[in-house]
1. Stretch ASP115-SER193 to full length: gain in nm at 0.36 nm per residue minus the Cα-Cα span?
2. What does the convex hull of the Cα atoms of segment 186-230 come to per residue, in Å³, rounded to a whole number?
3. Sequence gap at least 6, Cα distance under 8 Å: using those rules, report the relative contact order of the chain to the nearest whole percent.
4. With θ set to phi - 60°, apply the Karplus curve 6.51 cos²θ - 1.76 cosθ + 1.60 along segment 112-127 and write out the HN-Hα couplings as whole Hz, x wherever there is a Gly or Pro.
5. Using θ = phi - 60° and the Karplus curve 6.51 cos²θ - 1.76 cosθ + 1.60, what whole-Hz ³J(HN,Hα) does each residue of segment 261-277 get, with Gly and Pro shown as x?
6. For the chain, what does the helix formula give at 222 nm: sum of -39500 (n - 2.57) over DSSP H segments with n ≥ 4, over the residue count, nearest 500 deg cm²/dmol?
7. Rounded to whole Hz and in sequence order, give me ³J(HN,Hα) for segment 226-240 from the Karplus expression 6.51 cos²θ - 1.76 cosθ + 1.60, θ = phi - 60°, writing x for Gly and Pro.
8. Sort the following peptides by mean Cβ neighbour count (other Cβ atoms within 10 Å, averaged over residues), highest first: 103-114, 73-84.
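The values are calculated or read from the model by the stated rules, or taken from the named source; none is laboratory data. Please read these numbers as outputs of a predicted model, since none were measured by experiment. FYI the Cβ positions are ideal-geometry reconstructions off the backbone, even for glycines, and counts take in every protein chain you see. Accessible surface areas use protein heavy atoms only, side chains included; no ligands, DNA or RNA. Shrake-Rupley method; radii C 1.70, N 1.55, O 1.52, S 1.80 Å.
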Amino acid sequence: MNILVTGGAGYIGSHTCLELLNVGHEIVVIDNLSNGNFEALKRISELTKKDFRFYQEDLLDKTTLEKIFSENNIDAVIHFAGLKSVDESIKIPLHYYHNNITGTLVLCQTMKKYDVKKMIFSSSANVYGVPKNVPITEDSPLAPINPYGRTKLIIEEILRDLYVSDNSWGIVLLRYFNPIGAHESGRIGEDPSDIPNNLMPYITQVAVGKRDKLKVFGKDYNTHDGTGVRDYIHVVDLAKGHLKALEMVTSTTGIDAFNLGTGIGYSVLDLIKNYENTTSQKIPYTLTHRRPGDIDKCYADVNKANKKLGWKATKNLEDMCKDSWRWQKNNPNGYEG
Ligand code: NAD
Ligand code: UFG
């Protein structure tokens, strides 16, 4: 199949492009490189020994998008492109709503025009807001607490309305938990353009000597050691979840949401300890105040993805730490190096 991957030069998109090519799909990538990297695409070609078309273009540009659909025989779309920083979304909400929501609207309008009705959308565990219970099932209340999460929920709702209007669409909403890790080649990985907001990229930058010390946000959460608990999932497992979702959207019609996580919650201190043991790197840290907007515990009930998608994460926390470190050690300055 020929898959259009929006945001394919980003962290999760690049790992998914690699898996798609490895199982014999053809891909076309659109990315404006606002947070992605051309070097990631070069490395995907190098690893798979396959070429593909890349359009350095913006999803908001309808004319360009139409050109892409008219030049390529697209069968399905995997839609990663979007802005993803919770903090930034609070500071510049209109930019987030415009980029994420308008971008998706333009994409869907173009798909409709070219009769492409198969889509996988990158949603987020952020749509659950502050969960009442863990593990979180897909039918838990949806109540995001920041503009970023609201863009994801609004897009989910737009896609549901689209399906109601035309039952020939096949759409899968994937709610990712906390993706970390990197491809085991150490050639592609996460490359934050600024000081990392997320835990694992911060840890790896401390390990490689780019930052002095990790700040652990909060020590009085209602968890086994007082630090926040999350469901970390290896990015390659996550990428493989998209192959399963692709099988579903191409063989059926409908719209459904799936949690992609491991179902296991680890605390910040668990992750630090595991990282230190696996990589033999010392991670100096200080326990400090809570980060506004953070929650105690967030981990997935993954039964639905297991049963209906036939997908299960296979990599453990050691794999995630080992692969994150290999990527950072081999690329201390990310793709720039
Ligand atoms: P990323 O920033 O690495 O990748 C997103 C890509 O989209 C970037 O390469 C960026 O340049 C591109 N992009 C953004 N706006 C665009 C536009 N208007 N036109 C064209 N390209 C555009 O992020 P990621 O971690 O790979 O995340 C991929 C998707 O998964 C995002 O939608 C994100 O919200 C979602 N998600 C990520 C996480 C996470 O922790 N990484 C968790 C849950 C959901
Ligand atoms: N943390 C620290 N120090 C840091 C960074 C994070 O202690 O320097 C802690 C946080 O307080 C939290 C845990 O590490 O307890 C994980 O934080 P991340 O920032 O890595 O991840 P979040 O769970 O806050 O959010 C991430 C993405 C969201 C996404 C969500 C669920 O940033 O976009 O996972 O998928 F929605």
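1. Taking 0.36 nm per residue and subtracting the Cα distance, the gain is 24.4 nm.
2. 103 Å³
3. 19 percent
4. With coefficients 6.51, -1.76 and 1.60, one gets 4, 4, 9, 6, 9, 10, 10, 9, 10, 10, 7, 9, 8, 4, 4, 5 Hz.
5. x, 9, x, 10, x, 10, 7, 4, 5, 4, 5, 4, 4, 4, 5, 5, 5
6. -11500 deg cm²/dmol
7. x, 9, x, 10, 9, 9, 7, 10, 5, 4, 6, 4, 4, 4, 5
8. Packing proxy ranking, top to bottom: 73-84, 103-114.
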